[in-house]
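A short write-up of the structure that comes next.
The values are calculated or read from the model by the stated rules, or taken from the named source; none is laboratory data. Note that the coordinates shown come from a computational prediction; the quantities given were computed from them, not determined experimentally. Neighbour counts are summed over all protein chains in view; Cβ atoms, including those assigned to glycine, are modelled from backbone coordinates with ideal geometry. Ligands, DNA and RNA are stripped out before the accessible areas are found, and what is left, the full protein with its side chains, is counted by its heavy atoms. Shrake-Rupley method; radii C 1.70, N 1.55, O 1.52, S 1.80 Å.
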Amino acid sequence: MKKESDEMGLELRGLKKILGGRVIIDDLDLRVEQGEMISLLGPSGCGKTTTLRMIAGFLTADAGQIMLAGKDVTQLGPDKRPSAMVFQNYALWPHMSAAKNVAYPLKIKGLSKVEINEKVEAALELVKLLHHKDSRPGQISGGEQQRVALARALVQEPDVLLLDEPLSNLDAKLREKVREDIRELQRRLGITTVIVTHDQEEALSISDRVAVMNSGRIEQFSSPQDLYRHPATEYVATFIGSLNRFEGELVDGQIRSGEGIVGIRPEDLVIAQNYIEGSHQGTVELVIPRGHFYEIVVRRHDGLFRAFMNENVPALGESVHVGIKKSLRYHNGKLVA
Amino acid sequence: MKRVSIGRVAINIGILILAFFILGPIVWLAVHAFASDWKYPNLYPSGISFHWWSKVFLDSALATAIRNSLIISPIVVVISMIICLPAAYAAGRLNYPGRKTFMVGIFSANSFPKIGLFAAIATLYYALNLMGTFLGVVIVQLLGTIIYMTWIPAAAFAAVPRNLEEAARDAGASKFRVFRTITLRLAMPGILVAIVMSFLASFDEAQGSYLVGAPSIYTMPTEMYSLVQNYPIQVAAVFSILLAIPSVLLLSLARKHIMGGQLAEGFQLK
C-alpha cells in the first residue's frame, strides 16, 4: 500500500452529475492526499452521497475525471476500481457468515483457500470480531455488522476507503467509540479515506480535512480548526457550530444597519458585570444549563447575543455588559478580510 | 379475565369446526382406502385390507396415468422456469414501457373461466395435430403455471436490496457473478414457492388435460373422471390419496427450506 508521496490519494477534476434533468454536482474539484482522511459534510440533498457513489463507480460522471491513487478510473465499473465502500446499512449478505462475507472479494481475486483463510482471519482480528466469524449478519448486533462490513472493505486492500454515513445507524454511546476505532485503524493502515456525513461533530472530530458541501458545490475544504475559526463563506459559518448572525456592520462594538453580515462565535463574546472596553449593556433573557457549561442569551439594544459561560453565570433579568472580542464579516456570502 | 377465557373457548371451537371440515373428508378417504368394506348400517369398517391398493397398482391404465403425471409435471415446471424466470427478472428489476400492462395481462388472462380458453386451444390443436399428444398436454398445463412463475419470482427479484448487489460489485464481482451469488440466492425462497405452486398447478390440472389429452393421454386427475364412474368407490379413494402425496411432500419440503434457516433470514433486512 506504499505510494509515492507526491501522488494524490484521490483527485476529482471538474466532476459533474445530472440526475433527472437536475444538476446534482457541478464542476466539483477535490484533491485528497495519500493517507488522508476527509469528510464530505453537508445537509441531505447537497450532493455528498452522489459524489461518493461516483467515486465508487455506482454512478457515472457526466463530465470530469476521477483519479484514484494516480490512476484514471473514470471509465471503469465499480468492480475494477481500487476503492472499497462501507455502506450506510452495511449491506452484508444475509445468506453468508461473517467469514464468508469477508472472503467474497478474495475468492473473486482467485486466491488459494489457505491464503483466503489467513486474510479473512487477519481482517476479522483487526476489527476484533474473530469470535463471530461463523455468525450470520442476522445474529450479530448493528455495531458488529458494521465491523464485518469494515473488514470486508479492508481485506480488499483498497487504495481508497469510502464510508457512507458510517455512524448514523449506531446509538449515541457506541458512536463515539466506533468513531475513534475507525480513526485509529485508518491512521495505522495509512489508508486514504472519504467519509460522507451530515453530522458536523462527526466530521470535525474524525477528519484531517472537511469539505463542506452545499447544492452540488464545495463551499470550503480545510482542516476542522480552520473551518470553525475562518469559515470562508457565510454558509459554512452558519453550518459549522453556533453563530450570532446579524445583518449590518460592526461599529464601535455595536451592530449598525449597513450592507453585509456580521457573525460572532459565542465564545468570542465577553460577558461581564461591569463595563469593559468596547462593551455595551444588555439584559439576560435566557440561562440554559448545558451540562458542563451554560448557554445564556442577552438582549442588547442592537440585538440578541448568545454566549457560553462556565463561571460567574448571571441570573435571569440581570443587567450585564457584552463585549465582542472577534467577529467575522461577510459580503455577498463571502468572507471579507 | 372471564372474557379472555370465553374468547379462547370460542376460538378453540372454531378451530375444531374448521379441522372437521378439512380433515373429515381426508379421514373418510383414508378409511375407504384401507377398509375392505364400509357401508351404511355398519358403524365400523368390516376389516383392514390392501386389496384396493393392489387393484390400483395392477391396473395398467391407472399405472400409466401415474407415470404420465410424474413425467409431465416436472417437464412443465422446467419449461415454465426457462420461459418465465427471465421474464420475472425483467418485470421485477427493469423498468421498461409496458411492464405493468404485461404483468396485469398475465394476471387477467387467469381471471376468466379457463374452459373457454381450452375450447379455443382445442380447435387450434386440431389444426396443428397436437390433439391427444404428449406435447399438447404439456403446453396446456404450462399455461396454468405461468402466473405463478412470473408473479412470485418477480416480487422476489424486486425485493432483493440493491445495495447488496452494489456491495458485491464493489468487492470486484462481475454483473453475472453478482446475479449468481447474490441476487439469485436471495430470490430463491420466492422461486421455490413458485416451483411448488407451478408443480401443483400442473399436477392437479384436469380440465385442459382431459380436453386435449383424452383418450390417448391420461394423467392422474383426468383418470379420476373415468375412475369415479367405472370403478368401486374405494379405488377412487386410493387414487385420491396417491394424488395428494406429491402436494404434501412438496409443501413440507418447501416449508423446511423457505421458513427455516438462512433463506428466511434473507428478508429480515432493515
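Please compute the average number of Cβ atoms from other chains found within 10 Å of each residue's Cβ in peptide B:177-184. Intermediate results must be reported in sequence, preceding the final value.
Numbers: counts 4, 1, 0, 0, 6, 4, 0, 0.
So the per-residue partner count for this stretch is 2.
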Against the 2.2 N^0.38 Å rule of thumb, the C-alpha Rg of chain B sits at a ratio of 1.26
Dipole of the range A:242-335, positive direction: furthest Cα of A:Asn312, A:Asn244, A:Tyr294, with charges on the beta-carbon: A:Asn244
For the protein assembly as shown, the percent of accessible surface on carbon and sulfur atoms (probe 1.4 angstrom, ligands and nucleic acids excluded) is 60
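Given a cut-off of 37 Å, what percent of all Cα-Cα pairs of chain A lie beyond it?
Values: 18094 of 56616 pairs.
Counting pairs separated by more than 37 Å, the tail of P(r) holds 32 percent.
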Shielding score for A:78-90, defined as the mean number of other chain Cβ atoms within 10 Å: 4
Cα-only Rg/Rh for the range A:60-168 with Kirkwood Rh rounds to 1.00
Considering the dipole of the range A:1-134 built from charges on the beta carbon (Lys and Arg +1, Asp and Glu -1) around the Cα centre, which of A:Gln88, A:Ile66, A:Gly9 is farthest to its positive end? A:Gln88
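Are any of the pairs A:Lys80/A:Lys133; A:Lys133/B:Lys175; A:Lys17/A:Lys334; A:Lys80/A:Lys119; A:Lys109/A:Lys177 more than 23 Å apart by Cα-Cα distance, and if so, which?
On the way: A:Lys80/A:Lys133 27 Å; A:Lys133/B:Lys175 27 Å; A:Lys17/A:Lys334 25 Å; A:Lys80/A:Lys119 21 Å; A:Lys109/A:Lys177 33 Å.
Flagged as over cut-off: A:Lys80/A:Lys133; A:Lys133/B:Lys175; A:Lys17/A:Lys334; A:Lys109/A:Lys177.
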Roughly how far apart, in whole Å, are the Cα centres of the range A:169-183 and the range B:32-99? 58
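If I take every Cα pair under 8 Å that is 6 or more residues apart in the range B:54-265, average their sequence separation and divide by the length, what percent do I get for the relative contact order? All intermediate terms of the calculation are to be shown ahead of the outcome.
Numbers: 217 pairs, mean separation 65.0, N = 212.
Dividing the mean separation by the residue count of the range B:54-265 yields 31 percent.
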Mean accessible area per residue over chain B (1.4 angstrom probe, all protein chains present, square angstrom) is 57
Work out, in µm²/s and without decimals, the Stokes-Einstein translational diffusion coefficient of the protein assembly as shown at 10 °C, 1.306 mPa s, Rh from Kirkwood over C-alpha pairs. 52
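Using only protein heavy atoms and a 1.4 angstrom probe, determine the accessible area buried between B and A, summed over both sides, in Å² to the nearest 100.
2100
Sum -39500 (n - 2.57) across every DSSP H segment of at least 4 residues in chain A, then divide by the residue count to get the 222 nm mean residue ellipticity, nearest 500.
Numbers: 8 runs with 85 residues, N = 337.
Helices in chain A give a 222 nm mean residue ellipticity of -7500 deg cm²/dmol.
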Per the helix-only model, chain B has a calculated mean residue ellipticity at 222 nm (DSSP H runs of ≥4, -39500 (n - 2.57) each, divided over all residues, rounded to the nearest 500) of -26000 deg cm²/dmol
Given backbone amide H placed at 1.01 Å from N, residues whose amide H is under 5 Å from that of A:Ser222, ignoring those fewer than 5 places away on the same chain, are A:Val210, A:Val212
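Using the Cα centre of the range A:219-280 as the reference point, and only Cβ charges (+1 on K/R, -1 on D/E), how large is the resulting charge dipole? Debye, rounded to the nearest 20. Please report the intermediate quantities before stating the final value.
On the way: 4 positive and 10 negative charges, 31 e Å.
Charge dipole of the range A:219-280: 140 debye, to the nearest 20.
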Considering chain A as a Gaussian network with a 10 Å cut-off on Cα pairs, which listed residue, A:Pro43, A:Pro224, A:Pro94, attains the greatest mean-square fluctuation? A:Pro94
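Based on the alpha-carbon gyration tensor of the range A:97-245, what equivalent-ellipsoid semi-axes (square roots of 5 times the eigenvalues) come out, in whole Å, largest first? Could you put the intermediate results ahead of the total?
On the way: eigenvalues 245, 52, 28 Å².
The three semi-axes for the range A:97-245 are 35, 16, 12 Å.
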Diffing the range A:79-94: the Karplus 3J(HN,Hα) column from phi (6.51, -1.76, 1.60, θ = phi - 60°), in whole Hz with x for Gly and Pro, holds 6, 9, 9, x, 10, 9, 10, 10, 7, 4, 9, 6, 6, 7, 7, x
So who's got an amide H within less than 5 Å of the one on A:Ile195, skipping anything under 5 residues away but keeping other chains? H placed 1.01 Å off N, in plane. A:Ile38, A:Ser39, A:Leu40, A:Leu163
Note: the range B:58-117 at 10 °C, 1.306 mPa s; Kirkwood Rh on alpha carbon pairs; Stokes-Einstein D in µm²/s works out to 110
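How big is the dipole moment of chain B about its Cα centre under a simple scheme where the beta carbon of each Lys and Arg is +1, that of each Asp and Glu is -1, and everything else is neutral? Debye, nearest 20, please. Mind dumping the intermediate values first?
On the way: 19 positive and 9 negative charges, 203 e Å.
Value, rounded to 20: 980 debye.
Only Cα pairs under 8 Å and at least 6 apart count here; give the relative contact order of the range A:10-232 as a rounded whole percent. Could you put the intermediate results ahead of the total?
On the way: 424 pairs, mean separation 66.4, N = 223.
RCO, the range A:10-232: 30 percent.
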Toy charge model, Lys and Arg Cβ at +1, Asp and Glu Cβ at -1: the range B:1-140 dipole around Cα centroid in debye, rounded to 20, equals 680
Once amide H atoms are placed 1.01 Å from N in the peptide plane, what residues at a sequence separation of 5 or more from A:Gly9, or on another chain, have their amide H within under 5 Å of its amide H? A:Val32, A:Glu33, A:Gln34
Putting +1 on Lys and Arg Cβ atoms and -1 on Asp and Glu Cβ atoms, find which of A:Cys46, B:Asn68, B:Gly47 reaches farthest to the positive end of the dipole of the protein assembly as shown. B:Gly47
Integer Hz, Karplus 6.51/-1.76/1.60 couplings in order for the range A:16-24, x for Gly and Pro: 9, 9, 10, 10, x, x, 10, 7, 8
In sequence order, calculated HN-Hα J values of the range A:207-214 (Karplus, 6.51, -1.76, 1.60; Hz; x Gly/Pro): 9, 6, 9, 10, 9, 7, 10, 8
Report the accessible area of A:Asp199, computed with a 1.4 Å probe over the heavy atoms of all protein chains in place, in Å² rounded to the nearest 10. 40
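Could you work out, residue by residue across A:99-110, how many beta carbons of other chains sit within 10 Å of that residue's beta carbon, and then give the average as an integer? Let's see the in-between values first.
Working: counts 0, 0, 2, 1, 0, 8, 6, 2, 5, 7, 2, 0.
Neighbouring Cβ atoms belonging to other protein chains average 3 per residue here.
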Hey, any idea what the orientation-averaged projected area of the convex hull of the range A:242-335's Cα atoms comes to, in nm²? 5.8
